[in-house]
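Peer 1: Sharing a structure, written as structure tokens. Questions coming.
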Amino acid sequence: HHVVYHSLVTSTQVIAHQLVNEGAREGTIVVADEQTAGKGRLGRTWDSQHETGIWMSLILKPLVDFRQAPQLTLVAAVALARALQNKSGQQIDIKWPNDLLVNGKKICGILTELQADPDRIKSVIIGIGVNVNHEHFPQEITDIATSLKKESGKNFDRAELITDILDEFSWLYEAYLTNGFSLIKPLWEAHSLSIGKKVIARRAKDSLVGIALGINENGVLLLQDETGHVHEIYSADIEI
Ligand code: BTN
């Protein structure tokens, strides 16, 4: 890995995009202690206090097509769930596609962004935010967010955790590139909170209610509505 460390940035995603434009290699990692404009999914902001969490972006250049891109988020989710669960002893649940929860509260989020030509993906930038040593969250998210510290009462070494996460990610990513998604899918399902449950999928233009059946080979969520029809969900907020 080539690690680019910053104390303070607007967003590690922004830095990662710049590095890609300057020709950054696969495996380049951007890490910051604090972000002033951390980005969440769906245009949201991400609370990125000083030295409390892990704020990092991974630059990947996999030879995958657009259909397969969602799989990479799931590879990252599995790596994070395994690393955080091993380190903390806490049960880590994945809520499709990219939320990691402990006791129903969010401990980690993943934001995957692409740089692409019309016909091919040039780079995939996986942004990872892990709430590690937070004791408090801003009022608006205090009921839905948690940290490893809040759940276990202990402080964690962020550098050690980053190493654990990258170790897990490296072998899973290699396995994914060589063998495809079939190895990742059961690992993802083992941590999944949604499968077999009735969920609401809130999409940009509509909402669907149904039973989450699982994910398909592309990492797309399969949702069966009450008529028995199975919908493929590419992007949504899932409420369980
Ligand atoms: C989400 O759940 O909405 C995704 C949150 C992703 C946050 C991380 S923190 C490091 C990287 N840089 C950002 O600006 N966002 C991601």
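The values are calculated or read from the model by the stated rules, or taken from the named source; none is laboratory data. In this text, all values refer to a predicted model and were calculated from it rather than measured experimentally. Cβ placement follows ideal geometry from the backbone for every residue including glycine, while neighbour counts extend to all protein chains displayed. Note: accessible area is taken over every heavy atom of the protein model, side chains too, but ligands, DNA and RNA are not part of it. Shrake-Rupley method; radii C 1.70, N 1.55, O 1.52, S 1.80 Å.
Peer 1: Can we say VAL102 is modelled with pLDDT of 95 or more, within 11 Å of the ligand (Cβ to nearest atom) and of a type in the set (Val, Ile, Thr)?
Peer 2: no
Peer 1: For GLN90, are the conditions met, namely being closer than 20 Å to ILE141 by Cβ, of a type outside the set (A, V, I, L, M, F, W, C), more than 14 Å from the ligand (Cβ to nearest atom) and not in a strand (DSSP E or B)?
Peer 2: Judged against the criteria, GLN90 is a match.
Peer 1: Hey, another quick one. Of the residues that sit in region 105-138 and are within 14 Å of the ligand (Cβ to nearest atom) and in contact with a Pro (Cβ under 9 Å, 6 or more places away or on another chain), which one is farthest from GLN68 (Cα to Cα)?
Peer 2: ILE110
Peer 1: With respect to GLU51, is the statement that it is under 15 Å from VAL130 (Cβ atoms), assigned to a loop (DSSP other than H, G, I, E, B), open to solvent by 20 Å² or more (accessible area, probe 1.4 Å) and assigned by TED's automatic domain parsing to the domain that holds ASN133 true?
Peer 2: Against the criterion (under 15 Å from VAL130 (Cβ atoms), assigned to a loop (DSSP other than H, G, I, E, B), open to solvent by 20 Å² or more (accessible area, probe 1.4 Å) and assigned by TED's automatic domain parsing to the domain that holds ASN133), GLU51 qualifies.
Peer 1: Could you pull out the residue among ALA77, ALA69, ALA81 that is within 11 Å of the ligand (Cβ to nearest atom), crowded, with 17+ Cβ neighbours inside 10 Å and under 20 Å from ASP237 (Cβ atoms)?
Peer 2: On the way: ALA69 fails: within 11 Å of the ligand (Cβ to nearest atom); ALA81 fails: within 11 Å of the ligand (Cβ to nearest atom).
On inspection, the qualifying residue turns out to be ALA77.
Peer 1: Got a sec? Which of SER123, SER57 is surrounded by fewer than 22 Cβ atoms within 10 Å (Cβ to Cβ), assigned to a strand (DSSP E or B) and among the hydroxyl-bearing types (Ser, Thr, Tyr)? First the steps, then the outcome.
Peer 2: On the way: SER57 fails: surrounded by fewer than 22 Cβ atoms within 10 Å (Cβ to Cβ).
None of the other options fit; the residue is SER123.
Rundown of residues vs (1) surrounded by 12 or more Cβ atoms within 10 Å (Cβ to Cβ); (2) under 23 Å from GLN85 (Cα atoms), yes/no style:
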| site | (1), (2) |
| --- | --- |
| ALA201 | yes, no |
| VAL209 | yes, no |
| ILE215 | yes, yes |
| GLU232 | no, no |
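Peer 1: A follow-up question, please. Could you list, in sequence order, all residues of region 1-59 that are away from the ligand (no atom under 11 Å from the Cβ) and charged (D, E, K, R)?
Peer 2: The answer is GLU22, ARG25, GLU26, ASP33, GLU51.
Peer 1: Find the strands (runs of 3 or more DSSP E) located wholly in region 138-240 whose residues include 3 or more that are touching a residue at least 24 places away in the same chain (Cβ under 8 Å), and list them.
Peer 2: 198-202, 207-215, 237-239
Peer 1: How many residues does region 26-42 hold that are more than 15 Å from the chain's Cα centre (by Cα), closer than 16 Å to ILE125 by Cα and not in a strand (DSSP E or B)?
Peer 2: 2
Peer 1: Residues of region 184-199 being out of contact with any strand residue (DSSP E or B) (no Cβ under 8 Å at 6 or more places or on another chain) and open to solvent by 40 Å² or more (accessible area, probe 1.4 Å), which ones? Please lay out each step first, then the result.
Peer 2: The first filter runs over region 184-199 and keeps only residues out of contact with any strand residue (DSSP E or B) (no Cβ under 8 Å at 6 or more places or on another chain), leaving 184, 186-187, 190.
Of everything in region 184-199, those that are out of contact with any strand residue (DSSP E or B) (no Cβ under 8 Å at 6 or more places or on another chain) and open to solvent by 40 Å² or more (accessible area, probe 1.4 Å) turn out to be PRO186, LEU187, ALA190.
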